[in-house]
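The values are calculated or read from the model by the stated rules, or taken from the named source; none is laboratory data. A quick note: this is a predicted structure, and the numbers were derived from the prediction, not measured. Counting neighbours? That spans all protein chains shown, and the Cβs are built from the backbone with ideal geometry, glycine included. Heavy atoms of the whole protein, side chains included, go into the accessibility calculation; ligands, DNA and RNA do not. Shrake-Rupley method; radii C 1.70, N 1.55, O 1.52, S 1.80 Å.
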Amino acid sequence: MSARAPRLVIGGTGSGCGKTTITCALLQAFVERGLDTAAFKCGPDYIDPMFHSRIIGTRSRNLDAFLCGREQVPALLQHSAGHDISVIEGVMGYYDGLAGTSSENSTADIARLTQSPTVLVVSAKGMSLTLAALLRGFLQFEQNTIRGVILNGISPRMTDYYAGIVEQNTGLSVFGAMPTDAACAVESRHLGLVTAGEIQNLKQKMQALARHARDGLQLDALLALARTAPELQEQLPPVPVCGTGLRIGVARDEAFCFDYADSLDVLTRMGAQLVPFSPLHDAHLPEKLDGLYLCGGYPELYAQQLGDNRTMLADIRAAIAGGMPTIAECGGFLLLHKTLIGVPMADICGGTAQMGSRLKQFGYITLTANSDSLLCRQGETLTAHEFHYAQSTQPGADFSAQKPLRTRGWQCIHASDTLHAGYPHIHFAGNVPAAQRFLHRCQTYHQEAKR
């Protein structure tokens, strides 16, 4: 069954060109108009969707062809159905994809898969006719859905000047310009921007961006372009219902905030009940849990507070030692070390973790199980993503990791019948059998506990 879904991709010439700023400005402006607005992010990023979510009041979702599978991406866009407008923020430069040598899984690729018109954000300061040459290169490089541009870092008074150059030489529409406003800037840290929850005056910043959007961008023309997107045809594929009655504890607070909405949705569609808890603020785990999911985040920023919550650490240690099926990704994995930056943690995986000055691992990987374990049988694979500065003395060796299109590989992850703990992040929408194995093991644990 088809569904109407007006949508735009906000692409960019490269990282730092202003995609997130423009996306947030548009989302806030559309929300202030009273439009039912949805948001998406191309690629595996966790932080940009947090900003989207704070603006629109509901979860922003990721569209990632590597993590979720190419056939899943159009289906996951079903979350846009029925909304007045969906804004899809791109990743890196428009054609930057796998291993830096392919456009697969790039913004351009996601736009093609979802048949979504693209507006390209260009930092045009210091250019005139060269801007047309740059845009011609983008149009001619590969098949694309680029329909227009937004000029970033330029006074709206210059829009007509640039529009003449762009439209005459490329045929693209110029949908306006956004000036640089230092008052709207957001700090960065080692994994990208600081999280939305850490910015005290975020609402005021977003409202200021929306004012710039109303003053400088052609919002009605952008909405009209979004409505040219074809109706959605794909539906979410069914998943096996195998988790009915199960309670899965999900870590969620300032320290543990990196999860994918659609990944968790797979567990709920399988019948499981997700029970949020805070390793920072709660004294104990929720009662009658059948499994644990410790997601990523910034535990290193809250290490002392986590270490001081000894009753929670004791509960986590006892639950995992007692056989409760547990997935711990990146930040969640750090929680299971003996110490994190010198502070005692849950001490399930042993080893110590310290923060490095540069990325230890970065990018997409394929994981191959070295033996049977919680999520995989020996030889089975998972698609994953790894991005961290933390360095562990015990990273694990129960999976082999391999970068796509490259020969480089390494060993990682602590895995057993009831534990999967390591740096890589996975997405259950692209690894449904792993979610099924996890819930089957949770069911066994539930039955053995005679609940």
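Residues in segment 331-345 that are among the small types (G, A, S) and either part of a strand (DSSP E or B) or open to solvent by less than 10 Å² (accessible area, probe 1.4 Å) (or both): G331, G332. Scanning segment 383-416 for residues that are of a type in the set (V, I, T) and surrounded by fewer than 15 Cβ atoms within 10 Å (Cβ to Cβ) yields T393, T407. Kindly indicate whether any position in segment 118-126 is in a helix (DSSP H, G or I), open to solvent by 30 Å² or more (accessible area, probe 1.4 Å) and either over 27 Å from H52 (Cα atoms) or in contact with a Leu (Cβ under 6 Å, 6 or more places away or on another chain) (or both). Within segment 118-126, none of the residues are in a helix (DSSP H, G or I), open to solvent by 30 Å² or more (accessible area, probe 1.4 Å) and either over 27 Å from H52 (Cα atoms) or in contact with a Leu (Cβ under 6 Å, 6 or more places away or on another chain) (or both). Just one of (1) assigned to a loop (DSSP other than H, G, I, E, B); (2) over 27 Å from L285 (Cβ atoms) fails for I348. It is (2). The selection criterion, being open to solvent by less than 10 Å² (accessible area, probe 1.4 Å) and either free of Cβ contacts under 8 Å to residues at least 40 places away in the same chain or touching a Pro at 6+ places or on another chain (Cβ under 6 Å) (or both), holds for T114.
In segment 140-162, the residues that are without any contact (Cβ under 8 Å) to a residue 40 or more places away in the chain form Cβ pairs under 8 Å with partners that are surrounded by 19 or more Cβ atoms within 10 Å (Cβ to Cβ) and part of a loop (DSSP other than H, G, I, E, B), at six or more places apart or across chains, as follows: V149/L172; L151/A124; I154/A124; Y162/A124; Y162/I154.
Mind checking whether some residue in segment 150-158 is modelled with pLDDT of 90 or more and open to solvent by less than 10 Å² (accessible area, probe 1.4 Å)? The answer is yes; a qualifying residue exists. Annotation note: Cβ proximity below 8 Å between a residue of segment 295-321 that is over 13 Å from L340 (Cβ atoms) and touching a residue at least 40 places away in the same chain (Cβ under 8 Å) and a residue that is of a type in the set (G, A, S) and crowded, with 21+ Cβ neighbours inside 10 Å (sequence gap 6+ or interchain) occurs for C295/A251; C295/G331; C295/G332; G296/G331; G296/G332; I320/A346.
Looking across G34, G90, one residue alone is among the small types (G, A, S), at pLDDT 95 or above and farther than 30 Å from T381 by Cβ. It is G34. Scan segment 22-35 and tell me whether some residue there is open to solvent by less than 20 Å² (accessible area, probe 1.4 Å), among the aromatic types (F, W, Y) and closer than 14 Å to M206 by Cα. Checked segment 22-35: at least one residue is open to solvent by less than 20 Å² (accessible area, probe 1.4 Å), among the aromatic types (F, W, Y) and closer than 14 Å to M206 by Cα. If you check F40 against the conditions, is it among the aromatic types (F, W, Y), under 27 Å from H425 (Cβ atoms) and buried (at least 20 other Cβ atoms within 10 Å of the Cβ)? Criteria met by F40. Residues in segment 351-382 that are outside any loop (DSSP other than H, G, I, E, B) and open to solvent by 70 Å² or more (accessible area, probe 1.4 Å): Q354, F362, T381. Out of (1) closer than 24 Å to I146 by Cβ; (2) surrounded by 19 or more Cβ atoms within 10 Å (Cβ to Cβ), what's the single condition that is false for I56? Among (1) closer than 24 Å to I146 by Cβ; (2) surrounded by 19 or more Cβ atoms within 10 Å (Cβ to Cβ), I56 violates only (1). The set of residues in segment 226-258 that are touching a Phe, Trp or Tyr at 6+ places or on another chain (Cβ under 8 Å) and within 30 Å of P117 (Cα to Cα) contains only F258. Checked against (1) at pLDDT 95 or above; (2) part of a loop (DSSP other than H, G, I, E, B); (3) surrounded by fewer than 16 Cβ atoms within 10 Å (Cβ to Cβ), T311 passes all but condition (2). Are any of the residues in segment 321-330 surrounded by 17 or more Cβ atoms within 10 Å (Cβ to Cβ) and under 26 Å from T407 (Cα atoms)? Among the residues of segment 321-330, at least one is surrounded by 17 or more Cβ atoms within 10 Å (Cβ to Cβ) and under 26 Å from T407 (Cα atoms), which makes the answer yes. Annotation note: Cβ proximity below 8 Å between a residue of segment 248-261 that is closer than 12 Å to G197 by Cβ and of a type in the set (K, R) and a residue that is open to solvent by 10 Å² or more (accessible area, probe 1.4 Å) and assigned to a strand (DSSP E or B) (sequence gap 6+ or interchain) occurs for R252/P276.
Do we have any residue at all in segment 69-77 that's closer than 22 Å to R406 by Cβ and either open to solvent by 10 Å² or more (accessible area, probe 1.4 Å) or in a strand (DSSP E or B) (or both)? For segment 69-77, residues closer than 22 Å to R406 by Cβ and either open to solvent by 10 Å² or more (accessible area, probe 1.4 Å) or in a strand (DSSP E or B) (or both): present. Annotation: of all residues in segment 11-21 being within 15 Å of D96 (Cβ to Cβ) and surrounded by fewer than 24 Cβ atoms within 10 Å (Cβ to Cβ), the one that is modelled with the highest pLDDT is T13. In segment 17-48, how many are among the small types (G, A, S) and in contact (Cβ under 8 Å) with a residue 60 or more places away in the chain? Selection size over segment 17-48: 4.
Yes/no matrix, rows are residues, columns are (1) part of a strand (DSSP E or B); (2) closer than 18 Å to S263 by Cα:
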residue	(1), (2)
S400	yes, no
R406	no, no
Q411	yes, no
D417	no, no
A434	no, yes
T444	no, no
